[in-house]
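Right, one structure below, let's go through it.
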Amino acid sequence: MSSLIPHREPTREELTLLRRSFDHWGIFDFVLDKEILIREKSYNGTRIREVYLTTKDNSILLSENTSLSYIGMLIGHLKRRSFVPSMAGADLISRVGVNFPYVTVNQTAEALVLYGRDIMYASIVDYRDLRKNNTIVIILNENRVAIGLGITTVPIDENSHIVDNRIVIKTIVDSGHYLRNERWIDTGMERNN
Amino acid sequence: MIGRFLEYMPDAEKCISSMEAPSSTYIRTNAIKIDPNSLLCMLEARDIEVESTEVPDVFRVVRSALPIGATPEYLAGLYYIQDLSSCIAVEELGVSSLQQNLDMACAPGGKTTFMAQRMYNSGAICAIEYNRRRIPSVISNLSRCGVMNTSIYNIDARSVSNLNRRFDRVLLDAPCTCEGIISKDKTRKISHFPSDIEESSQRQLEMLLEAIRVVKQHGLVIYSTCSFAPEENELVINELLEISGNSVVIEPVHRGLPGLTRFGDRRFHPSLSRTARLYPHLHNTVGFFIAKLKVR
């Protein structure tokens, strides 16, 4: 890939980390015939590595031109030794992923999440794999459409004794951003610094 | 400028009065993410009523209890709000999977996302936008709609051959005076002058010539505008035909009314009747022009 383009191929270490993450999110097979690209940026003084996914054909078609603004889909970013999906990445996982951690919320909570609000225990109608604290989780509505990405504040399982109005998932990013700020660029980092 | 409509528009007075009324709203199912039937069920549950149109996946909004651009389904990119005329332009382009295609003026990304949808998110789209400030809206829409086969370049479409690439299909929805969208933007009635049409026409011809340069042999170019002005439509195509000789032919667009073959004292090439004009009062769309050009 041309050095004129700000995107690069992942290093061996990054690729290992990404493959492990893609396996966690159930998109390992989906990504196999796609091209993964990395773009390094500084965000509020922190170095971040954005992860892009595109078709092989699109990466081949890329021109050695400095005017390139964007490639494929920004599916998330690498922060230290973890991959955090962006909103577009969360949506992709919800459509093609298998066995990923999710929480389904009721219609009342759906409206609140779309304004960036956190999720109370009483709003949850279904979930998967939230037994640990600080688990990053896809937030779905009752039609199983991704509306956001959150992080658990307490472990949740069938033995949990949690009061209904306790915040159990902090919303990291939500699809309401597309409406609130058209100029918003999806980094998936809104509240995760 | 509206006074000129009487020269070439059928039932011009009806057209003008129809542009004073609110225009129809259309939504396009984003088949990258959902099938139309599933979307219709979700919309029905939100008390949104739609009806089919001549373009598959595209619906006219009949009634909506919610702002159609603020539903969770919209935010999730399950549909895109897009006029039927724009959808027809992309349909006529005949894109398919694994092609390498070009969108020469992509902001805010509606037609680009539809192209990606018709390509099953495969192959590649090169999307050009000259105005840097409009690129975030393109990125936002591509992200929302789950498009991953597109690259965006911030360059002047008239220099796209500098990318050293050739394309199977080229969409040139050319920047224009936007006379056809008066129903959506009333300021268009008084914000443009005849001199703007002349300037716009020259730029459009330059962009179209560049489109012809970068399309592959036997490839297709769709040239469209949301203007009624013959100088931005038939005249541009006519000049292209004069410059390119037999290397470019007009393919028929089987929608709307035929394009003009004369305007004032000017006579255009007879094949201009294969282009299409869409009018608000006749086709329930914004005013639109579409020419389908094949490069031999």
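The values are calculated or read from the model by the stated rules, or taken from the named source; none is laboratory data. As the structure is a computational prediction, the values presented were derived from the model and not from experiment. So basically every Cβ, Gly included, is an ideal-geometry build from the backbone, and we count neighbours across all protein chains shown. These area figures cover heavy atoms from the full protein model, side chains too; ligands, DNA and RNA do not enter into them. Shrake-Rupley method; radii C 1.70, N 1.55, O 1.52, S 1.80 Å.
What the table below lists for this structure:
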| read-out | value |
| --- | --- |
| Cα pair distances in the stretch A:1-132, grouped into 5 Å bins until the bin that holds the longest one, percent each | 2, 9, 17, 20, 17, 14, 10, 6, 3, 1, 0 |
| Relative contact order, percent, the stretch B:77-156 [alpha-carbon distance under 8 Å, six or more residues apart] | 33 percent |
| Accessible carbon and sulfur surface of the protein assembly as shown relative to its total accessible area, %, 1.4 Å | 48 percent |
| Largest to smallest accessible area among A:7, B:281 [probe 1.4 Å] | B:281, A:7 |
| Kirkwood hydrodynamic radius of the stretch B:127-195, from inverse mean 1/r over distinct Cα pairs, in Å | 14.7 Å |
| Projected area, mean over directions - the stretch A:24-90, Cα convex hull, nm² | 5.4 nm² |
| Peptide-level mean, for B:118-130, of C-beta atoms on other protein chains within 10 Å | 3 |
| The stretch B:56-125: translational diffusion in µm²/s, Stokes-Einstein, Kirkwood Rh over Cα pairs, 4 °C, 1.567 mPa s | 98 µm²/s |
| Residue list for the stretch B:62-82, given a label point 7 angstrom along the Cα-to-Cβ vector of residue B:49 and an amide N cut-off under 18 Å | B:62-68 |
| P(r), alpha carbons of the stretch B:42-172 - 10 Å bins starting at zero, rounded % | 12, 41, 33, 12, 2 |
| Residue A:19/residue B:41 FRET efficiency (R0 25 Å; Cβ-Cβ; nearest 0.05) | 0.10 |
| For residue A:66, solvent-accessible area (1.4 Å; no DNA, RNA or ligand), Å² | 110 Å² |
| Alpha carbon centroid spacing (whole Å) that separates the stretch B:57-95 from the stretch B:195-217 | 28 Å |
| Volume per residue of the C-alpha convex hull in the stretch B:233-281, rounded to whole Å³ | 71 Å³ |
| Within the protein assembly as shown, percent of DSSP bridges classed antiparallel, to nearest 5 | 75 percent |
| Kirkwood hydrodynamic radius over Cα pairs of the stretch A:43-193, then Stokes diffusion coefficient at 25 °C and 0.890 mPa s, in µm²/s | 150 µm²/s |
| Computed helical MRE - 222 nm, chain A, DSSP H runs ≥ 4 contributing -39500 (n - 2.57), nearest 500 | -6000 deg cm²/dmol |
| Rounded to the nearest 10 Å², the accessible area of residue A:129 at probe 1.4 Å | 60 Å² |
| Alpha-carbon Rg/Rh ratio, for the stretch B:147-280, with Rh computed the Kirkwood way | 0.97 |
| The stretch A:26-86-the stretch B:149-188 distance, computed between alpha-carbon centres (Å) | 26 Å |
| From the C-alpha gyration tensor of the protein assembly as shown, square roots of 5λ in Å | 43, 27, 17 |
| Computed over chain B, the ratio Rg/Rh where both radii use C-alpha atoms and Rh is Kirkwood | 0.95 |
| DSSP beta bridge pairing in the stretch B:30-162, given as percent antiparallel to the nearest 5 | 40 percent |
| The stretch B:1-87 - Rg (one decimal) and Dmax (whole number), Cα, Å | 15.9, 47 |
| Estimated Rh, the stretch A:61-115: Kirkwood, alpha-carbon pairs, angstrom | 14.2 Å |
| Accessible area expressed per residue, chain A, with surrounding protein chains retained (probe 1.4 Å, Å²) | 47 Å² |
